[in-house]
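The values are calculated or read from the model by the stated rules, or taken from the named source; none is laboratory data. Remember, predicted model here, so these are calculated numbers, not experimental data. For neighbour counting, all protein chains shown are included, and Cβ atoms are generated from backbone atoms with ideal geometry for every residue, glycine included. Side chains are part of the model used for accessible areas, which takes the heavy atoms of the whole protein and leaves out ligands, DNA and RNA. Shrake-Rupley method; radii C 1.70, N 1.55, O 1.52, S 1.80 Å.
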Amino acid sequence: MNITRRQLLILLPAAAVAWESIIAGTPEASPNYNMTDHWWGMLMDVTKCIGCGSCVRACQLENQVPDGYFRTWIERYHVSDWEMEYPKVDSPDGGKTGFPPAREDGGKNFFVPKLCNHCVESPCTQVCPVGATFVSPDGVVLVDQKYCLGCRYCVQACPYGCRFINPATNTANKCTLCYHRITKGLTTACCEVCPTGTRQLADLKNPNDPIHAFLKTHSVQVLKPQMATRSKCFYYGLDGSVR
Amino acid sequence: MKSFKDAGHLFRLAAVFVAGLALFLIVRGFLVPRSFGQYGHYRGNAIGEIAALPVSYAGHQVCEGCHTDVLEVKSKGVHKAVACESCHGPLAKHADDPASVQPVKLDTAKLCVRCHEENLAKPKNFPQVASADHSGGAACDTCHKPHSPAMVAGGSQ
């Protein structure tokens, strides 16, 4: 291949412009959305959860989550009426297709939906060696799929088991709190389809969000508060046996 | 500068280090994306890329824009807080192009038990049935209308 000096002089700036666009990436997609105006979390009223699995199915369809992996899932607890330390937990296929009949040998049974807690002090983002995962300015823990090496540090670091390696891309994957939806003014897929109102998306920076009235008048709990992750998933009616 | 007899090779070494550092900075300037560090120690444009992903669930507000008749029926029944796509599935494509993408007809014998099949772990105040005893496998919409599921007057049984 022969290139004349003239051709080279034309080609070089063109290549520079192309490379520049690769480096710069795509610009902001939701021009009317201001990140600094929001601080996202979620409220779970576990007293309402019926374990129907609608949230799990919706999450998989909305986010193309591979079979056998979960960005959100439902656990069913069976706890003896006094022995809180040894709950029996099952979650067949993440609760995607519902649950078989519960144990009837006394004690209590209940469902607990789980997902990424979008921690303020998230252990998973702190361990990333390449800056591929981060807490966005609006409080959502995200993974940059182009930057992730798939080293699995974050998968190990999450105390809630909310991350997995997507076998299709070999990169870390997790709940984005449906970031592509909430930035367009929609609620998350799981909150949209939850038939009982167990799950409610909450914007903690919006003074008109009903979350504030709820938090003022109800006793809520976060998962594993001893981990000091400052989780933003608030559980109402959570049993002490839940891990 | 006569303390070192052969100081020259130190300067040459320093020159190699300076050249190496300059090369590193130039290459780094080329390879690190412009938006890296915009908000923190990550690529700022990743946020926009994630926000630009397509939506599958249109949201009940979109459905209600056209299906006002269903909204009317539903708002009077106990299913008023259940979103359309909770049963009908993701239909953003239908909302974008209602003519060519049609939702499938649902089988109530399989659909309703997802929520209403009896299970001890469900809250006690949630309406549940043991479907085999309750209807013997008959489709639920024989007696109940899913959008407003109170028993239909004149329905069988």
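Does residue A:59 meet the test of being part of a helix (DSSP H, G or I), modelled with pLDDT of 95 or more, hydrophobic (A, V, I, L, M, F, W, C) and open to solvent by less than 90 Å² (accessible area, probe 1.4 Å)? So residue A:59 passes the test. A single entry from B:79, B:67, B:9, B:60 fulfils the requirement of being farther than 30 Å from residue A:126 by Cβ, within 12 Å of chain A (Cβ to nearest Cβ) and out of contact with any helix residue (DSSP H, G or I) (no Cβ under 7 Å at 6 or more places or on another chain): B:79.
Among residues of region A:84-109 that are closer than 14 Å to residue A:49 by Cβ and aliphatic (A, V, I, L, M), those with a beta-carbon under 8 Å from a residue that is assigned to a loop (DSSP other than H, G, I, E, B) and open to solvent by less than 40 Å² (accessible area, probe 1.4 Å) at least six positions away or on a different chain give the pairs A:102/B:119; A:102/B:121. Scanning region A:77-111 for residues that are more than 10 Å from chain B (Cβ to nearest Cβ), of a type in the set (A, V, I, L, M) and open to solvent by less than 30 Å² (accessible area, probe 1.4 Å) turns up just one, A:79.
Here B:122, B:105, B:145, B:110 are screened, and the one residue that is of a type in the set (Lys, Arg) and crowded, with 18+ Cβ neighbours inside 10 Å is B:122. Residues in region A:18-27: is at least one at pLDDT below 95 and more than 12 Å from chain B (Cβ to nearest Cβ)? Looking through region A:18-27, at least one residue is at pLDDT below 95 and more than 12 Å from chain B (Cβ to nearest Cβ).
Only residues that are within 13 Å of chain B (Cβ to nearest Cβ) and open to solvent by less than 10 Å² (accessible area, probe 1.4 Å) were counted across region A:144-170, and they come to 1. Here residue B:103 clears all of (1) touching a helix residue (DSSP H, G or I) at 6+ places or on another chain (Cβ under 6 Å); (2) more than 9 Å from every other protein chain (Cβ to nearest Cβ); (3) in a helix (DSSP H, G or I) except the condition numbered (3). State yes or no: is residue A:64 open to solvent by 40 Å² or more (accessible area, probe 1.4 Å), closer than 30 Å to residue A:151 by Cβ and at pLDDT 90 or above? In short, yes. Give me a count of the residues in region A:194-235 that are assigned to a helix (DSSP H, G or I) and either in contact with a Phe, Trp or Tyr (Cβ under 7 Å, 6 or more places away or on another chain) or surrounded by fewer than 18 Cβ atoms within 10 Å (Cβ to Cβ) (or both). Counting residues in region A:194-235 that are assigned to a helix (DSSP H, G or I) and either in contact with a Phe, Trp or Tyr (Cβ under 7 Å, 6 or more places away or on another chain) or surrounded by fewer than 18 Cβ atoms within 10 Å (Cβ to Cβ) (or both) gives 9.
Hey, among the residues in region A:178-190 that are more than 7 Å from chain B (Cβ to nearest Cβ) and open to solvent by less than 20 Å² (accessible area, probe 1.4 Å), which one's farthest from the chain's Cα centre (by Cα)? So, considering only residues that are more than 7 Å from chain B (Cβ to nearest Cβ) and open to solvent by less than 20 Å² (accessible area, probe 1.4 Å), the one farthest from the chain's Cα centre (by Cα) is A:182. Summed over region A:47-60, residues that are more than 9 Å from chain B (Cβ to nearest Cβ) and in contact (Cβ under 8 Å) with a residue 40 or more places away in the chain total 3. Taken over region B:37-54, residues that are open to solvent by 50 Å² or more (accessible area, probe 1.4 Å) and farther than 15 Å from residue A:33 by Cβ amount to 3. Check whether at least one residue in region A:108-126 is more than 18 Å from residue A:72 (Cβ to Cβ) and at pLDDT below 95, and report yes or no. Yes - at least one qualifying residue is present in region A:108-126.
Kindly establish whether residue B:73 is open to solvent by 50 Å² or more (accessible area, probe 1.4 Å), in contact with a strand residue (DSSP E or B) (Cβ under 8 Å, 6 or more places away or on another chain) and assigned to a helix (DSSP H, G or I). Spelling it out, residue B:73 is indeed open to solvent by 50 Å² or more (accessible area, probe 1.4 Å), in contact with a strand residue (DSSP E or B) (Cβ under 8 Å, 6 or more places away or on another chain) and assigned to a helix (DSSP H, G or I).
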